[in-house]
1. Once the Cα gyration tensor of segment 75-212 is found, what semi-axes does its equivalent ellipsoid get, as square roots of 5 times the eigenvalues, in whole Å, sorted largest first?
2. Could you tell me the calculated FRET efficiency between L393 and K42, based on Cβ-Cβ distance and R0 = 56 angstrom, to the nearest 0.05?
3. What angle, in degrees between 0 and 90 and rounded to the nearest 10, separates the Cα long axis of helix 15-28 from the longest principal axis of the Cα atoms of the chain?
4. Along the Cα→Cβ direction, 7 angstrom out, place labels at V374 and L193. What is the inter-label distance in nm?
5. Under a point-charge model restricted to the Cβ atoms of Lys and Arg (+1) and Asp and Glu (-1), what is the dipole moment magnitude of the chain relative to its Cα centre, in debye to the nearest 20?
6. Please list Y198, Y460 from largest to smallest accessible area, probe radius 1.4 Å, with all protein chains kept in place.
7. Can you tell me which aspartates and glutamates have their Cα less than 15 Å from the Cα of K512? Leave out same-chain residues fewer than eight positions away.
8. Placing unit charges on C-beta atoms (Lys and Arg positive, Asp and Glu negative, everything else neutral), compute the dipole magnitude of segment 316-392 about its Cα centre in debye, rounded to 20.
Amino acid sequence: MSDFESECACKSGEGEDMVENEEIDCRKNAAAERYTISRAEKYVDEHASAVSKKYRCIYHAMPPIGWMNDPNGFCRAFGKYHLFFQFHPYSAGWGPMHWGHYETEDFVKWKWKGVALAPDKEYDKDGCFSGSAIEKNGVMYLFYTAVKGDVQRQAVATSENGDKFKKRGIVIDGEKLPENCSRRDFRDPYVFLSGGRYYMICGSQATGGDGQILLFSSDNLFDWEFSGVLRKDSKPTLGIYECPCFCVSGGKDIIIASPQGYKTDDWRFENAWSSIYTAGKADFKNGSFLPDCEDEIDGGFNFYAPQVLTVPDGRVIMIAWMIPGAIESPAAADGWRGTMTLPREIELKNGKLYQYPVREIENYRKNHVRFENVSIEKDTVLNGVSGDKIELLCDIFVGKAKKVGVKIFESENNYASVYYDGESGKVVFDRSQTGIALYHDENEKDAAVRSVKVDLKNGYISFRIFLDVSCAEIFINGGERTMTGNVFTKENGKGVSFFADSNDAKIVSLEKYDIVMI
Ligand code: FRU
């Protein structure tokens, strides 16, 4: 444990001393004093109830108030699942990063547990950036990036009960890095156990700008050694591979990461911020990864920094942040911004990553409505099929239609739509008619329309769509592709109608459930 260094240059064996010394240091540091857990929690307690419910989702995790970004520390410990997240309680914009903490037993109901980390140490005074968590011998370890000025280092905090977290200091700093790695863009540690040894992968930038993923290894979670560059960009990014994580599915090793600024590639990477999976064969002992397939994870508007967790029944669960991106969020005026996706089960089959909504959501289904064999005309409205907190499952026969699909969140003047476009062979998610201003990053396509290429199955397309007040998640053809987006509509519409431009298009089967939180 000789290398467990911190601002106080303490050894890991003397962790307790180190924490106390740092606290004295912090008292001397005015900036660090500005942010504490108790101040953040007090702020949440005093202000969260005033946040307007207008655009708040009911079954997606959101910040109680303020800003949320990346999922962090998604883990199982003390008999529950924990989800931490990048949190700035004091405004609906990004700011000095804290970690907010939710606990769940079923990935649907989120219990607010308070603030786990605040940037209250000298070494993390500019932010506790993203990271991961792992449980070992009844202790939960939170790994995060401690930011101080231009320097990013990896730090750890521990907890014996999931309520109180004790910072234990820096575990990896720039000295462990090869010469050609940035000390400034070195973040988002994801820790996992493989073959009896702990590994950490971290986002990094090589000198010269290429994104890469670094690998470290450890026996005890405190002493880490550099074990190689596990992955380099397959194409140029505008920055680093953010938030890498790792899982195994379908007999393959899978690295998931969010490369900043991939250029649009035909219909992929239409957002400035997108996430990819790369499946292949990892050899962590020797620090290598041989990729054999790669793709964008989600083709919608808002999906970033996914993190995965393998749960005891073998499922790999992934949750991502609906990065606000190209939309003027009316929720910001209400004092919050940021939503997580529904956790998804993922599975690699024939080189493709399939995604399914976590099955526990089905326990919240109410008011089942079913239709079969309905011809779709212009604006087909079906009895009992409406709502803004619903699940819709439909199999549609496309026939000669050039456009066939469904309008969601519909009101007199506004709607968003999801449809199959026969001319391009793509599913299109269109939010140009929501009545809410859109703008877009200069590095992305536009802010109104996203599309993904999909093959019809014997002339059919299937959609499984989850609506939750201000977001939609669309699972296409049994999870073969997904499209995720914030949808803020001016009139908070709840209507659903189907449309087609050919009268042989038909809904072969349609099911609708309300999602009701019990
Ligand atoms: C990704 C990210 C991470 C970083 C965090 C800071 O959205 O930029 O790389 O740790 O957000 O909030």
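1. The equivalent ellipsoid of segment 75-212 has semi-axes of 25, 19, 13 Å.
2. Calculated value: 0.80.
3. 80
4. Distance between label points: 5.0 nm.
5. Using only the charged Cβ atoms, the result is roughly 980 debye.
6. Y460, Y198
7. E362, E372, D388, E391, D395, D468, E473
8. 220
The values are calculated or read from the model by the stated rules, or taken from the named source; none is laboratory data. All values derive from a computational prediction rather than experimental measurement. Here Cβ is always computed from backbone atoms with ideal geometry, including for glycine, and neighbour counts include all displayed protein chains. Just the protein is used for accessible areas: all its heavy atoms, side chains included, with ligands, DNA and RNA removed. Shrake-Rupley method; radii C 1.70, N 1.55, O 1.52, S 1.80 Å.
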